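This report concerns only the one structure given below.
The values are calculated or read from the model by the stated rules, or taken from the named source; none is laboratory data. Quantities reported herein were computed from a predicted structural model and do not represent experimental measurements. As a convention, Cβ positions derive from the backbone with ideal geometry for all residues, glycine included, and neighbour counts pool all protein chains shown. Only protein heavy atoms, including side chains, enter the accessible area calculation; ligands, DNA and RNA are left aside. Shrake-Rupley method; radii C 1.70, N 1.55, O 1.52, S 1.80 Å.
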Amino acid sequence: MRVLVTGAGGFVGPHLRRALQATGAEVFGLGPHPIPGEVDLLVDVTDTKATAEAVAKVKPDAVVHLAGLSSVSECGKEPMKAFQINSGGALSVVQAVLALKAPCRVLLVSSGEVYGAAAGPAPIDEGLLPDPMNVYGATKRAAEIIALQHRYQGLDVIIARPFNHIGPGQTPTFVLPSFAQQVTRVPRGGQVTLEVGNLSAVRDFSHVEDIVEAYVLLLRQGKGGEVYNLGSGVGRSIESMLQLLVARSGREVTVKVDPKRLRPVEIPTLVGNVEKLKALGWKPTRSVDQALSAILDEMERRPAP
Ligand code: GDD
């Protein structure tokens, strides 16, 4: 199976490449920046012509569309750029695949963020009508609509809605690598003041390796035209994740709220019901603790900024 992965140089791309290769797939990574071993085709998905040429050259059996601006706050700061990359990029990819005129499944990686205001305290299932509350969620919902519309032109597409996933390779733009980076600025046994945002938000955290295994499964066994939540089904407050991280770090931490880290709009609780995915045979096998240890190890090894 020849699989083209967009956003191959990002956080998830390298994990997905290895998971696909473990199943015998041949992987072609596409991305806008040269990253040896990860990006084989230097293409920005907002460049429709270059994307079509790359897809035509690879002739994939499947495409996993990961490429996008994945930070909620960065999308809020640059909405037009966010729509161009996240929604326009999806349009480039699905049109390039249709132009192949050959069987090729697209797995569009959206986000649990699309549920927005529709999310309540209970785990959300795929039947709930999305109601995005921020630019990021809206760009992903638009990408879903674009992809699903193309199924009436013959596209075989599946929508993945992952909730928060963590592990090595994620940048400090995101909450846990940010906390880990700050904590590891002092040696073990030391004291550190940690700047934080909203600790009361509740999110559904998974190990990135479990999420990429779900992508591989969906490519092979997902039902065309369907939407699947990907997550743990368990809600954890950011505060409880911080406590787990601090306990593992061996440092004394004082917490200080940095107003710049608070979001203008915050979804209080975002937890997915993942029974539909589990019915395909998916089962998470890594713990959040393992992911936190890997994030801390990575930050301990990094030279101080
Ligand atoms: N980034 C950040 N930094 N977030 C903080 C901080 C901080 O210092 N303090 C508290 N938070 C809170 C945020 O307000 C949010 O409620 C939660 O921690 C998680 O924030 P992020 O790690 O930035 O991720 P996200 O939830 O906005 O989005 C992630 O999950 C989505 C799926 O649910 C990303 O991975 C998205 O790409 C993904 O689609």
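Quick one: among Leu98, Leu129, Leu176, which has the greatest mean-square fluctuation in a GNM of the chain with alpha-carbon springs under 10 angstrom?
Result for the chain, Cα springs under 10 Å: Leu129 fluctuates most.
Given the options Val255, Val43, Val183, which has the most mean-square fluctuation in a GNM of the chain, springs set between C-alpha atoms less than 10 angstrom apart?
Of Val255, Val43, Val183, the Gaussian network model singles out Val255 as fluctuating most.
Can you grab the distance from the C-alpha centre of the range 1-55 to the C-alpha centre of the range 258-277, Å, no decimals?
28
May I ask you to give the percent of accessible area on the chain that is carbon plus sulfur, with a probe radius of 1.4 Å?
With neighbouring chains kept in place, the figure for the chain is 54 percent.
Please compute the net charge surrounding Lys77, taking Lys and Arg as +1 and Asp and Glu as -1 over other residues with Cβ under 14 Å from its Cβ. Let's see the in-between values first.
Details: positive: Lys81, Lys260, Arg261, Arg263; negative: Glu74, Glu78.
Within the 14 Å Cβ shell, the charges total +2.
Under a Cβ-Cβ cut-off of 10 Å, what is the net charge of the residues other than Gly167 that fall near it, where Lys and Arg count +1 and Asp and Glu count -1?
-2
Roughly what % antiparallel, to the nearest 5, for the DSSP beta bridges in the chain?
5
Can you give me the solvent accessible area of Glu252 with a 1.4 Å probe, rounded to the nearest 10 Å²?
110
Suppose accessible area is computed on protein heavy atoms with a 1.4 Å probe; arrange Ser240, Ser70 from highest to lowest.
The residues order as Ser70, Ser240, largest area first.
Please report, in whole Å³, the volume per residue of the convex hull around the C-alpha atoms of the range 101-140.
94
Can you compute the modelled spin-label distance between Arg286 and Lys101, with each label point 7 Å from Cα toward Cβ, in nm?
Modelled inter-label distance: 4.2 nm.
With labels modelled as points extended 7 Å from the Cα through the Cβ direction, what inter-label distance (nm, one decimal) is found for Leu199 paired with Lys57?
Each label point lies 7 Å from its Cα, and together they span 5.0 nm.
What trypsin sites (Lys or Arg not before Pro) in the range 203-243 are in a loop by DSSP, with at most 13 other Cβ atoms within 10 Å of the Cβ? Walk me through the intermediate numbers first.
Details: sites: Arg203, Arg220, Lys223, Arg236; in loops: Lys223.
Here the trypsin sites (Lys or Arg not before Pro) that fit, given the DSSP loop and packing criteria, are Lys223.
Counting only protein chains, not ligands or nucleic acids, how are Leu69, Leu245 ordered by accessible area (probe 1.4 Å), most first? Working shown, then result.
Values: Leu69 35, Leu245 0 Å².
So the residues, ranked largest to smallest area, are Leu69, Leu245.
For the range 200-305, what value does the Rg/Rh ratio take when both radii are computed over Cα atoms and Rh is the Kirkwood radius, given to two decimals?
That ratio is 1.04, to two decimals.
Assuming a viscosity of 0.692 mPa s and a temperature of 37 °C, what translational diffusion coefficient in µm² per second does Stokes-Einstein assign to the chain, Rh being the Kirkwood radius over Cα pairs?
In µm²/s, the coefficient is 167.
Would you work out which of Ser232, Leu262, Gly167 lies farthest towards the positive end of the dipole of the chain, given +1 charges on the beta-carbon of Lys and Arg and -1 on that of Asp and Glu, about the Cα centre?
Final value for the positive-end residue is Gly167.
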